[in-house]
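Right, one structure below, let's go through it.
The values are calculated or read from the model by the stated rules, or taken from the named source; none is laboratory data. Keep in mind that what you see is a predicted model, and the values were worked out from it rather than measured. Neighbour counts run over all protein chains shown; Cβ positions are idealised from the backbone, glycine included.
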Amino acid sequence: MGFEFKSSGSASQLESFSYDDAIVRKFFWATLIWGIVAFLVGVILAVQLAFPQANFLPQVAFGRLRPLHTNAAIFAFAGNAIFTAVYYSTQRLCKARMWSDTLSKLHFWGWQLIIVSAALTLPLGITQGKEYAELEWPIDLAIAVVWLGFFGTNFLMTLIKRRERHMYVALWFYIASLVAVTILHVFNNLWIPVGVVQFLQTGEFGSPSTLLKSYPLYAGVQDAFMQWWYGHNAVAFFLTTPFLGLMYYFLPKAANRPVFSYKLSIIHFWSLVFIYIWAGPHHLHYTALPQWASTLGMVFSLMLWMPSWGGMINGLLTLRGAWHKVASDPVLKFFVVGVTFYGMSTFEGPLLSVKTVNALSHYTDWTIAHVHSGTLGWNSFMTFGMLYWLAPRLFQTGKIHSEKLISMHFWIGTVGILLYVISIYTAGITQGLMWRAFDESGQLSYPEFIETVTRLMPFYWIRAVGGTLFLLSACLGGYNLVMTWLARPKKYEVPVHEAPALSKVYDDGPPPQSRLTANAGIGHAGDRFLQGHWHRRWERLPVRFTVWVVIGVGTASLFEIIPTFLIKSNIPTISTVLPYTPLEVAGRDIYVAEGCYNCHSQMVRPIYAETQRYGEYSKPGEFVYDRPFQWGSRRIGPDLAREGVNNPNASWHYQHFENPQVFTTGSIMPSYKHLVEGDLDYGQIQSRIRALAMIGTPYGDAVKNAESMAREQAKIIADDIRAQMPGFVLPEDLEDKKVIALIAYIKRLGTDIYRTPEPADAAAEAAPAAAEEGGAH
Amino acid sequence: MRLTDIMSHMALSVWAEIALVIFQIVFVLVVARVLFAPKSEVRRIASLPLDDESDVKLFEEVE
């Protein structure tokens, strides 16, 4: 395909063109296939929580599989859905074919390659260890090239070359998504690749795992702040704004009537763009994040409720006078329930951002329920509504294979969502209340964390059933769409359209005159301004419009980021907090690779129930060497921030990693026997320490002697375990096992603040000394 | 004197207040644009998604 021709008749000045629907069809199928994969992995995860024996291989254990699920759902399923919507609607709203068929194809295949890379690397434990940003640096670079280089260039050039003067509001939402995701992705993925550092210093790249490993430039509090600035806005600008663009285009099409209020959509757009970007810190309430940032995030989150509901109301009222169609039109059913879930999620989001509510909900399954009401209800149902609307048009069949099957998909999916979210809401609130419950003597009612886990088992099973129903409904949908496709003509017809090119000189009409009669000059100027002539110009100037979106997103970001990074009092340093030893770094990297942060937090909040359960609350200065930060967002297992203080027994950890159920009956933690049996690659440690030193960690002699220092500390820990476990058959080369490094890291957690400060004159040499101490921590 | 020193001596609350003021200004501007937009123009723009297939002239068959 790929033709575009101009009519020779200059009298009409019409240009002929066709739309590239082949690329839309490609994204259509990718959406469906990756959607089913994402749902299937989600069901496996749900079963693993209720039935831990399902963690039968290290590569598919919960900690490694959960990032695969989230990445598949967000970037593979929702991502391809977004591109399906963008490629279909942009061409039609612009009355122009996509600017470059080659870029369209590069975008499609590049994006699928990224997804496949994610599917291969995440189960292998190759991860950055930051939620929704797990993919390692080479894939990050590929995302930047494909997203901005291929997709962004093609999209913006299509806007510039369009034949419709005005840019409809759906295009605004696409522009905002493109701009914001680019900014978020770049600034949250500033890292130093270990392999590249090694190559620069030794001329060798090292092993594949060294080559692919990176450490973030930010550490601790700043890393956490950037991550949740990214994480929250990934939801905003990947799962919300492009889907709103989808809603503003496809809902009017399906209902065959214009959007209820175009004016409201303008307010909706600018308010969302300007407010959303501030709200990230609400993910870090009561953590070591400075309180001012947390409060600012909460205030803007509450403000977010208004434009979000404005959008929801605008979507639902588009059906005014056509509600009778909803009963008979299955596509509209998906859209109506999708928009309703958008309203519910965007009400709940601000609610959860209120600090007192968040104190209960944070780290519980409540957050998981909130997320799934949004992704299953809003994203998935809007996507399936779109796919069903598109299928007869893209495949030129005139009708869908079976409307009955669509209805079955809708009802089974709806029941699945409800089973899922209701059970997990219940689990989350139960969990939160149990964590903070005290008995009449002032002691924790449930001092053993496992009590709060076993109580949730019935809900976990219901969730697994709900998720399975949702997966089943998607498979029904897939069958229906494939059957529709099978009825396609042998050759697709390609309609040829005609429209005049936009003239380079556009007469906006005379500038507005002041309607006032007896005012000073400033009054007349104000009245001319209020007539909105300036904004109407922006709305047909894509480059200028994009620049203003960048300013909107950038201003909000910088107001939070600059103080967080530059104000010293945000992160008071603690003199006894020292860099991790080389062996602890190796152990920490294993912790990250296994995805332990998916089940364990490392953040004791200054809440009485938490300090009673875990010990002293976490201080910002404790995390200055944490790259990446590992605060987590969920407690399927207990918090580990003070684990080195509460449980420093190496042999306990050794046995617990091998079989968690030995010490904790009912534990749902998988066995990490592969760490007990697998050998640690000591040769990699040196390059990792060099990379960390290069970005500011004061390592002293460890920069040269990391491997020998690590071996020395490992020997101490291994001997300790041998002494504590007489009569047990232990490997002769115990000190060479991966689990020893992980135990070294776990034993270090939360201990620094209890160490005796170095004498003042020795403080300057504290860092190198700490590295040399090896097993002294 | 480094930038971090200057920033550290600033009152933190000012940043949040400036942020809110900026938002309010932007919001007022957007509302003003919306309130004073000509109805006929808004009606035409709102119906753009419904008009985008209306100008089909002919069909060609391709692979």
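Would you check which residues across segment A:61-115 are part of a helix (DSSP H, G or I) and of a type in the set (Phe, Trp, Tyr) and list them? Once the filter is applied, which keeps residues that are part of a helix (DSSP H, G or I) and of a type in the set (Phe, Trp, Tyr), segment A:61-115 yields A:Phe62, A:Phe75, A:Phe77, A:Phe83, A:Tyr87, A:Tyr88, A:Phe108, A:Trp109, A:Trp111.
For segment A:137-170, what are the residues that are surrounded by fewer than 22 Cβ atoms within 10 Å (Cβ to Cβ) and not in a helix (DSSP H, G or I)? Once the filter is applied, which keeps residues that are surrounded by fewer than 22 Cβ atoms within 10 Å (Cβ to Cβ) and not in a helix (DSSP H, G or I), segment A:137-170 yields A:Lys161, A:Arg163, A:Glu164, A:Arg165, A:His166. Look at (1) buried (at least 20 other Cβ atoms within 10 Å of the Cβ); (2) part of a loop (DSSP other than H, G, I, E, B) and you find that A:Tyr174 fails only one, number (2). Would you confirm, using the coordinates I've provided, whether A:Glu560 is in the same structural domain as A:Ile685 (by TED's automatic domain parsing) and surrounded by 22 or more Cβ atoms within 10 Å (Cβ to Cβ)? In short, no.
Please find, among A:Tyr218, A:Tyr249, A:Tyr286, the residue that is in contact (Cβ under 8 Å) with a residue 40 or more places away in the chain and assigned to a helix (DSSP H, G or I). Outline the logic, then answer.
Values: A:Tyr218 fails: assigned to a helix (DSSP H, G or I); A:Tyr286 fails: assigned to a helix (DSSP H, G or I).
Going through A:Tyr218, A:Tyr249, A:Tyr286 in turn, just one is in contact (Cβ under 8 Å) with a residue 40 or more places away in the chain and assigned to a helix (DSSP H, G or I): A:Tyr249.
Count of segment B:22-39 residues, restricted to those that are over 11 Å from the mean Cα position of the chain (by Cα) and within 15 Å of A:Gly552 (Cβ to Cβ), is 5.
The helices (runs of 4 or more DSSP H) falling completely within segment A:540-639 that include 2 or more residues that are modelled with pLDDT of 95 or more and away from every other protein chain (no Cβ under 14 Å) map to A:582-593, A:608-614. Residue-level check: of (1) closer than 26 Å to A:Ser633 by Cα; (2) more than 15 Å from the chain's Cα centre (by Cα); (3) away from chain B (no Cβ under 11 Å), A:Leu184 misses just (2). Residues that are facing another protein chain (nearest Cβ under 7 Å), closer than 16 Å to A:Leu264 by Cβ and at pLDDT below 80 do occur in segment B:35-42.
Residue-wise test of (1) closer than 17 Å to A:Leu171 by Cβ; (2) in the same structural domain as A:Gln602 (by TED's automatic domain parsing); (3) modelled with pLDDT under 90.
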site	(1), (2), (3)
A:Ile183	no, no, no
A:Val194	no, no, no
A:Thr202	no, no, yes
A:Lys213	no, no, no
A:Trp228	no, no, no
A:Phe237	yes, no, no
A:Thr240	yes, no, no
A:Phe243	yes, no, no
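Considering segment A:573-600, the residues that are more than 13 Å from A:Arg627 (Cα to Cα) and either charged (D, E, K, R) or free of Cβ contacts under 8 Å to residues at least 60 places away in the same chain (or both) include one that is surrounded by the most Cβ atoms within 10 Å (Cβ to Cβ), namely A:Glu594.
One residue alone among A:Leu304, A:Leu296, A:Leu272, A:Leu264 is facing chain B (nearest Cβ under 9 Å) and within 22 Å of A:Gly338 (Cβ to Cβ), and that residue is A:Leu264. Of the residues making up segment A:235-250, those that are more than 9 Å from chain B (Cβ to nearest Cβ) and either touching a Gly at 6+ places or on another chain (Cβ under 8 Å) or not aromatic (Phe, Trp, Tyr) (or both) are A:Val235, A:Ala236, A:Phe238, A:Leu239, A:Thr240, A:Thr241, A:Pro242, A:Leu244, A:Gly245, A:Leu246, A:Met247.
Restricting attention to segment A:712-754, the residues being part of a loop (DSSP other than H, G, I, E, B) and among the hydroxyl-bearing types (Ser, Thr, Tyr) number 1.
Among the residues of segment A:652-690, the one identified as of a type in the set (Lys, Arg) and touching a Lys or Arg at 6+ places or on another chain (Cβ under 8 Å) is A:Arg688.
Restricted to segment A:629-688, and to residues there that are under 28 Å from the mean Cα position of the chain (by Cα) and basic (Lys, Arg), the residue that is nearest to A:Pro67 (Cα to Cα) is A:Arg634.
With respect to A:Val337, is the statement that it is modelled with pLDDT of 95 or more, in contact with a Phe, Trp or Tyr (Cβ under 9 Å, 6 or more places away or on another chain) and of a type in the set (Val, Ile, Thr) true? Yes: the conditions hold for A:Val337.
Test of understanding: among A:Ala437, A:Ala520, A:Ala501, which residue is surrounded by 12 or more Cβ atoms within 10 Å (Cβ to Cβ), of a type in the set (Gly, Ala, Ser) and either in the same structural domain as A:Thr665 (by TED's automatic domain parsing) or more than 30 Å from A:Pro606 (Cβ to Cβ) (or both)? Write out each step before concluding.
Details: A:Ala437 fails: either in the same structural domain as A:Thr665 (by TED's automatic domain parsing) or more than 30 Å from A:Pro606 (Cβ to Cβ) (or both); A:Ala520 fails: surrounded by 12 or more Cβ atoms within 10 Å (Cβ to Cβ).
One residue alone meets the criteria, A:Ala501.
What helices (runs of 4 or more DSSP H) completely inside segment A:310-426 contain at least 2 residues that are touching a His at 6+ places or on another chain (Cβ under 6 Å) and not aromatic (Phe, Trp, Tyr)? It would help to see each step written out before you state the result.
Numbers: elements: A:323-328, A:330-353, A:355-361, A:365-372, A:381-394.
Correct list: A:330-353, A:355-361.
Please specify each residue of segment A:38-60 satisfying the condition of being farther than 20 Å from A:Ala369 by Cα, without any contact (Cβ under 8 Å) to a residue 40 or more places away in the chain and assigned to a helix (DSSP H, G or I). Break it down stepwise before answering.
Here is the first cut: in segment A:38-60, the ones farther than 20 Å from A:Ala369 by Cα are A:52-60.
Subsequent filtering for residues that are without any contact (Cβ under 8 Å) to a residue 40 or more places away in the chain retains A:53-54, A:56-57.
Within segment A:38-60, A:Gln53, A:Ala54 meet the criteria.
Filtered by the rule that a residue be more than 14 Å from chain B (Cβ to nearest Cβ) and of a type in the set (A, V, I, L, M), segment A:68-85 gives A:Leu68, A:Ala72, A:Ala73, A:Ile74, A:Ala76, A:Ala78, A:Ala81, A:Ile82. Applying the set (1) within 17 Å of the chain's Cα centre (by Cα); (2) under 27 Å from A:Pro638 (Cβ atoms); (3) buried (at least 24 other Cβ atoms within 10 Å of the Cβ) to A:Leu376 leaves exactly one unmet item: (2). Evaluation of A:Thr665 against the conditions (1) surrounded by fewer than 17 Cβ atoms within 10 Å (Cβ to Cβ); (2) touching a residue at least 24 places away in the same chain (Cβ under 8 Å); (3) not in a loop (DSSP other than H, G, I, E, B) shows that the sole unmet condition is (3). Of all residue pairs spaced 6 or more apart or on separate chains, those with beta-carbon atoms under 7 Å, a first member in segment A:668-683 that is basic (Lys, Arg) and a second member that is part of a helix (DSSP H, G or I) and surrounded by 15 or more Cβ atoms within 10 Å (Cβ to Cβ) are A:Lys673/A:Glu658.
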